[in-house]
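Step one of this worksheet: look at the structure below.
The values are calculated or read from the model by the stated rules, or taken from the named source; none is laboratory data. These numbers come from a predicted model, not from an experiment. Cβ atoms come from the backbone with ideal geometry, glycine included; neighbour counts cover every protein chain shown. Ligands, DNA and RNA are stripped out before the accessible areas are found, and what is left, the full protein with its side chains, is counted by its heavy atoms. Shrake-Rupley method; radii C 1.70, N 1.55, O 1.52, S 1.80 Å.
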Amino acid sequence: MNTNQFQRAVTRILTTLWVLMLSIPLMAKASGQITDTINGSKKQPNFIIIFADDLGYGDLSSYGHPTIRTPYLDQMATEGQKWTNFYVGASVCTPSRAALMTGRLPLRSGTSGATAKVFFPDSANGLPDAEITLAEQLKQAGYATGMVGKWHLGHKKEYLPTTQGFDYYFGIPYSNDMDITRKLTSFEDYWALWTKEYDNLTPADFNVPLLRGMEQLERPADQNTLTARYTAEAIKWIKENKESPFFMYLAHNLPHVPLFASEEFKGTSKRGLYGDVVEEIDHGIGQIMDMLKEEGLSENTIVFFTSDNGPWLQTKISGGSAGLLRDGKGSTWEGGFREPGIFWGPGTIVPKMVMDMGTTMDIFTTFSKLAGIPIPDDRVMDGMDLSPVLLGQGDSPRNEVFYYSGRDLFAMRVGPYKAHFITQEAYVFNAEKVRHDPPLLFNIEEDPSERFNIAEKHPEVIAEIQKAMQIHGKKMKPGPDLLEERGPEHIVEKY
Ligand code: MG
C-alpha cells in the first residue's frame, strides 16, 4: 500500500465511523428487518431482477443519454440507488448470465468460453446441474421462482430454467439473432445483416422458439411484441405468486440486435429504433412499478436493474452506447464490463448515488443475506455482500474486479487502478491477443475513459495488482471448457 492509498484507507475508516454514528436509528430499523427475515417472518423481501441485453452504460437518460427517455428507470435511480461502478462477470451473454445466476466467475462453472463463442442453438452443453443457481438458493427458503425472457445457459431440455430452480419459464431460450433463416455464405454476409440491412429484418428472419416451460408456443417468435409480452407475463406471474416471497428474473432479449419494437413505440424516439426499444423496456418497468404499488408489494420488494454486457458497437447504429467508457461488448475495457446498476425498494433501499464497486456476482450473496439464507460453503463463491450499502449501513466490501475474456484473465482492477495485461480487439475475426509488459495502467476514477496510461509513473501499483492476481490465480480452479464442445452434428432441439 502506498502513502496515497494509506491516506485513503484512513479517510475511509473515519468516514465510515462518522456515518455509523449518524445512522444508528436507521440501522436499528434495518437490522430489525434482517432479523425478522432470518426468523422467517413474512418480512422476507421479494426480489425482481430485470436484465437488459447489450444495453450500454450510456443508454439511460439517468446515465447521460441525451436522446433516450427512460423516466421509470430514472425514477428508480432517484428513489433508490444508482451505482456508477457496477460490473458484470463477462462482456458477452452466456458467461455474464452464468455469473449472475451462480455468484461465481464463469470460468469456475465452465461457461467462460472464448470471447466470440456463446451457446448456439446447437450447443451440446449448458450450465452444469452441480451449480447452485440463485433460483435454487431462494427456493430452499420458500420462495416462488419465475423467469421470463432470455436464458442462454443451455437450450436443450435438460438445461432449461425449469431444471435450474425456476418454477416457471416463458421466453426465448437463447439470443434473438440466432436460427437465422437467410442463407449466409460468409462472415461478411453475417455482418451485413447488422450493419447494412437491419432496417429490413423481420421476425421471420430468425427462427427462434418462444417457450412456456418446455413447450413451444411459437416459432419464429413474433419479436415485434416480445418486450410487451415479457412485461405482461412477469406482471401476471407476480400477481399469482404474491402470497409467498417471490423471485422474478425478467431477462429481456432486447436491445440485442435484431431490434424490434411494438407499433406503439416504433418511430417515437429521437434515437431511432434502438431508442424505441429501450423506451419500451422502460415503459414496461413503469408498469411493473405501478403493479407493485397497487398490490401493496413495493415496500417489501427489491427491484434490481442492469444489463448483461456493454453495447455491441460493431452493429453501428443498431448498437448502444457505453457513454464515456471505452469500447463495448466483447472487450475488457470498461465499456464491455461496466453497466448501469439500479436498486429500487422504497421500504428497504436507502436512496443514494453509489460510487462503490459492485458486480452481478454479488447479487447472489446479497439477496441470500437479505433473505436469511446461508451462502454455500462447499465451493468458491466470488460474490460479496452489498447489503450494508443497500441498507445505508456501510461501504461495499468490494475492492477488486476481474476482467476475464474466455479463460484468460486480461485485466484487473484494484481500488481506483486498473491494469491490462492482455487486450484484444472484439468481434474481429482471428484478432490477435496483445500482451502488455509492463501492463497498461489507468486510474479509472480520474480517467474513466482509460485514455492515459500511467504505468511508467506507478510501478508500485502494478506490483500490488500483480500480487493480488497471483493470490487469485492460486485459488482459481477452472471448470471444463463447456463452450468448446459442440454437438457431434447440428443438433436443433425440438420442443
Ligand atoms: Mg448480451
Legend entry - Condition check for residue 45: more than 21 Å from the chain's Cα centre (by Cα) and at pLDDT 95 or above: no
Inset, instruction - Being more than 16 Å from the ligand (Cβ to nearest atom), at pLDDT 95 or above and open to solvent by less than 20 Å² (accessible area, probe 1.4 Å) narrows it down to one of 221, 192, so name that one. - result: 221
Legend entry - Lone unmet requirement of (1) more than 16 Å from the ligand (Cβ to nearest atom); (2) open to solvent by less than 60 Å² (accessible area, probe 1.4 Å) for residue 240: (2)
Inset, instruction - Residues being under 20 Å from residue 206 (Cα atoms) and part of a loop (DSSP other than H, G, I, E, B): count how many of those fall in the range 265-290. - result: 1
Inset, instruction - Return yes when residue 410 is in contact with a Ser or Thr (Cβ under 9 Å, 6 or more places away or on another chain) and aromatic (Phe, Trp, Tyr) and no when it is not. - result: yes
Inset, instruction - Sort out which residues of the range 339-366 are open to solvent by 10 Å² or more (accessible area, probe 1.4 Å) and assigned to a strand (DSSP E or B), and write them in order of number. - result: 352, 353, 355, 356, 357
Inset, instruction - Go through (1) outside any helix (DSSP H, G or I); (2) open to solvent by 10 Å² or more (accessible area, probe 1.4 Å) one by one and return the number of the condition residue 369 breaks. - result: (1)
Legend entry - Residues that are touching a residue at least 24 places away in the same chain (Cβ under 8 Å) and farther than 12 Å from residue 101 by Cα, drawn from the range 130-146: 139, 140, 141, 142, 143, 144, 145, 146
Inset, instruction - Restrict the check to the range 354-372 and report whether at least one residue is within 24 Å of residue 195 (Cβ to Cβ) and among the acidic types (Asp, Glu). - result: no
Legend entry - Residue in the range 439-450 that is exposed (fewer than 15 other Cβ atoms within 10 Å of the Cβ) and not β-branched (Val, Ile, Thr) present: yes
